[in-house]
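Participant: Before anything else, here's the structure in question.
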Amino acid sequence: MSQSKTADPVPEDKQAEEEQPRSPREIRLVMVGLVVTMLLAMLDNLIVGTAMPTIVGDLGGAEHLSWVVTSYTLATAASTPIWGKLGDLYGRKGTFLTSIVIFLVGSALSGLSQNMNELIGFRALQGLGAGGLMVGVMSIMGALVPPRDRGKYQGMFAAVMALATIGGPLVGGFITDHLSWHWTFYINLPLGVIALAVVVVTLKLPKVRNNARIDYLGAILLTTGITSLVLITTWGGQQYAWGSKQILGLAALAAASLIAFCYVEQRVEEPMLPLSLFKNLNFTLVSIIGFIVGFVMFGATVFLPLYQQIVQGASATNSGLLLMPMMFGMLVVSLVVGQVVTKTGKYRIFPVIGTIVMTGGMVLLSTMGTETSSFTSACWMVVLGAGMGFLMQITMLVAQNSVELKDMGVASSTATLFRTIGGSFGVALFGALFNNRVADTMKERLGEHASAGASKADPSQMSPAALKQLPAPVQDAYHHAVANGMHTVFLWGAAVAVIAIAASVFMREVPLRGTGKDEKAAEASLEAAAV
């Protein structure tokens, strides 16, 4: 039996103060800081990714290139649930500001790096801060705005996501070409200072004092488990074979750590991640849906530009623009859904529609071949984006509405973590499926006559420029191989997305917390939703 409880809870008057409605003007002012912070969190990897070839050329150490990204990703994923819990225990504003400062310090030091080892270490520090940025934005949003009214503002976050995805590579390319790679990190500083200033001045939340002991053992076990999972998805099929002792060892470590974590969390006074949250049916279901949304979204954003560049001959210069149709569909639908939820208070139908549309979009994308036009593929991308537009903000909304206010940070970090881990698994699984299908197709089309040039057609290394240097038969074979690889990737993605449909069907319509009588109805339904 679980013995977990909240020690020295926030006084009732403090909770009431935090739940008091804010004026629209006050919320809009705070939103400026939150939106800028979210832009920081989403832009960084996209900008830095564009500059990586230049960074390697300057600092050397190409053999450590992958760790520049991996160190950041690991630190972000591992710290996400910890930031959420710290915000619940010691106050969201202070925790949020601390994460911004750490991120900015890591950015400045990354820009000052003199060798690859320094850059890897400072990127890890930057990732540590980044883990608290998105969680801080979502948990503060959850504390300021009742779920019933949150649809008014969720379009802003969808717009930031679209802007970052499209603008990140453009900004990274411009900085690399006209300034220096150091500015891919320094650009965070003015944006971060603006976010800090706005949050400090405009965000008014009660101070929280809690004498509960931090669940250090739980934090260590959870961090170990998350780190092992991310390394499995990063290294599997790339640096090490899936059946290698390294990957199997990491899998065993992840399983042991997470099992031990579940055991510890049922016995500590203030668990890092209260397992009782998963007794709420809606919270469990949206966690599953969030994992699959991350699985589908990150996989699509990685492989769609590859298809457009290799098969359709699109330019890689403005690679962010290649995803504009998907982002357009996501943005428009998210705006509409947000307004409808605010007016009606109803949301259950949207996860059902969203998962069905998302699955349909994956099926449509699986039909792309070597003759598919750019217009047709753009239409299918709009469908996929629309499906995710129904889900992106709704999953966070339902997760936050499924918990008490004191657990808002944990709910936000858990939803973010599931989406992040889903993205890691999506990229890894899709990558393995894609590479295997490409290799098989190349053998089928070229057979024993495969030349030395064909052997150079490595799907993980091939670029449009390099492809043009190969013989015409090899080019044709590779075009078909990539198209076949996409078919496999998106068909499997659709199969996984069916699980999200099933999860959405079982979701319950729990009234969204608002004010007055809505609040009492929501509290009663929240208790009834626990399984």
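Participant: Would you confirm whether any residue within the stretch 362-369 is assigned to a loop (DSSP other than H, G, I, E, B), modelled with pLDDT of 85 or more, of a type outside the set (S, T, N, Q) and more than 17 Å from the chain's Cα centre (by Cα)?
Facilitator: Going through the stretch 362-369, the residues assigned to a loop (DSSP other than H, G, I, E, B) turn out to be 366-369.
Now drop any that are not modelled with pLDDT of 85 or more, which leaves 366-369.
Now restrict to residues that are of a type outside the set (S, T, N, Q): 368-369.
Pick out the ones that are also more than 17 Å from the chain's Cα centre (by Cα) and you get 368-369.
For the stretch 362-369, residues assigned to a loop (DSSP other than H, G, I, E, B), modelled with pLDDT of 85 or more, of a type outside the set (S, T, N, Q) and more than 17 Å from the chain's Cα centre (by Cα): present.
Participant: Does HIS449 satisfy the condition of being modelled with pLDDT under 70, of a type outside the set (Val, Ile, Thr) and surrounded by fewer than 19 Cβ atoms within 10 Å (Cβ to Cβ)?
Facilitator: Values: modelled with pLDDT under 70: yes; of a type outside the set (Val, Ile, Thr): yes; surrounded by fewer than 19 Cβ atoms within 10 Å (Cβ to Cβ): yes.
Yes, satisfied.
Participant: Does LEU285 satisfy being buried (at least 20 other Cβ atoms within 10 Å of the Cβ) and modelled with pLDDT under 90?
Facilitator: On the way: buried (at least 20 other Cβ atoms within 10 Å of the Cβ): yes; modelled with pLDDT under 90: no.
No: the conditions fail for LEU285.
Participant: Take the conditions in contact with a Lys or Arg (Cβ under 8 Å, 6 or more places away or on another chain), more than 23 Å from HIS480 (Cα to Cα) and among the hydroxyl-bearing types (Ser, Thr, Tyr) and apply them to THR359. Does it pass?
Facilitator: Values: in contact with a Lys or Arg (Cβ under 8 Å, 6 or more places away or on another chain): no; more than 23 Å from HIS480 (Cα to Cα): yes; among the hydroxyl-bearing types (Ser, Thr, Tyr): yes.
Spelling it out, it is not the case that THR359 is in contact with a Lys or Arg (Cβ under 8 Å, 6 or more places away or on another chain), more than 23 Å from HIS480 (Cα to Cα) and among the hydroxyl-bearing types (Ser, Thr, Tyr).
Participant: Name the residue, out of GLY121, GLY168, that is of a type outside the set (S, T, N, Q) and open to solvent by 20 Å² or more (accessible area, probe 1.4 Å).
Facilitator: Working: GLY168 fails: open to solvent by 20 Å² or more (accessible area, probe 1.4 Å).
On inspection, the qualifying residue turns out to be GLY121.
Participant: Have a look at SER180, SER113 and point out the one that is outside any helix (DSSP H, G or I), open to solvent by 10 Å² or more (accessible area, probe 1.4 Å) and not aromatic (Phe, Trp, Tyr).
Facilitator: On the way: SER113 fails: open to solvent by 10 Å² or more (accessible area, probe 1.4 Å).
Going through SER180, SER113 in turn, the sole match is SER180.
Participant: Could you give every pair whose Cβ atoms fall below 6 Å, whose first residue belongs to the stretch 69-82 and is surrounded by fewer than 22 Cβ atoms within 10 Å (Cβ to Cβ), and whose second residue is among the basic types (Lys, Arg), counting only separations of at least 6 or pairs across chains?
Facilitator: SER71/ARG123
Participant: Restricting attention to the stretch 378-393, and to residues there that are within 18 Å of the chain's Cα centre (by Cα) and either surrounded by fewer than 24 Cβ atoms within 10 Å (Cβ to Cβ) or at pLDDT below 85 (or both), which single residue is farthest from ILE356 (Cα to Cα)? Before you say what the answer is, go through the steps one by one.
Facilitator: In the first step, residues of the stretch 378-393 are kept if they are within 18 Å of the chain's Cα centre (by Cα); the result is 384-393.
Next, from what is left, pick out any that are either surrounded by fewer than 24 Cβ atoms within 10 Å (Cβ to Cβ) or at pLDDT below 85 (or both): 392-393.
Details: MET392: 14, GLN393: 16 Å.
Here the residue is GLN393.
Participant: If I filter the stretch 194-247 down to residues being of a type in the set (D, E, K, R) and open to solvent by 60 Å² or more (accessible area, probe 1.4 Å), which single residue comes out as modelled with the highest pLDDT?
Facilitator: Filtering the stretch 194-247 for residues of a type in the set (D, E, K, R) gives 204, 207, 209, 213, 215, 245.
Within this subset, residues satisfying the condition of being open to solvent by 60 Å² or more (accessible area, probe 1.4 Å) are 204, 207, 209, 213, 245.
On the way: LYS204: 76, LYS207: 64, ARG209: 61, ARG213: 73, LYS245: 88.
Within the stretch 194-247, the match that is modelled with the highest pLDDT is LYS245.
Participant: Quick one: LEU40 ticks every box in (1) in a helix (DSSP H, G or I); (2) at pLDDT below 70 except a single one, so which number is it?
Facilitator: All conditions are met except number (2).
Participant: When only residues in the stretch 311-335 that are open to solvent by 10 Å² or more (accessible area, probe 1.4 Å) and at pLDDT 80 or above count, which is nearest to ILE501 (Cα to Cα)?
Facilitator: Within the stretch 311-335, the match that is nearest to ILE501 (Cα to Cα) is VAL333.
Participant: Another question, then. Please work out which one of (1) modelled with pLDDT under 80; (2) of a type in the set (Lys, Arg); (3) open to solvent by less than 60 Å² (accessible area, probe 1.4 Å) is the condition ARG25 fails and give its number.
Facilitator: (3)
The values are calculated or read from the model by the stated rules, or taken from the named source; none is laboratory data. Small disclaimer: the values here were computed from a predicted structure and weren't measured. As a convention, Cβ positions derive from the backbone with ideal geometry for all residues, glycine included, and neighbour counts pool all protein chains shown. Protein only, heavy atoms only, side chains kept; ligands, DNA and RNA dropped before computing areas. Shrake-Rupley method; radii C 1.70, N 1.55, O 1.52, S 1.80 Å.
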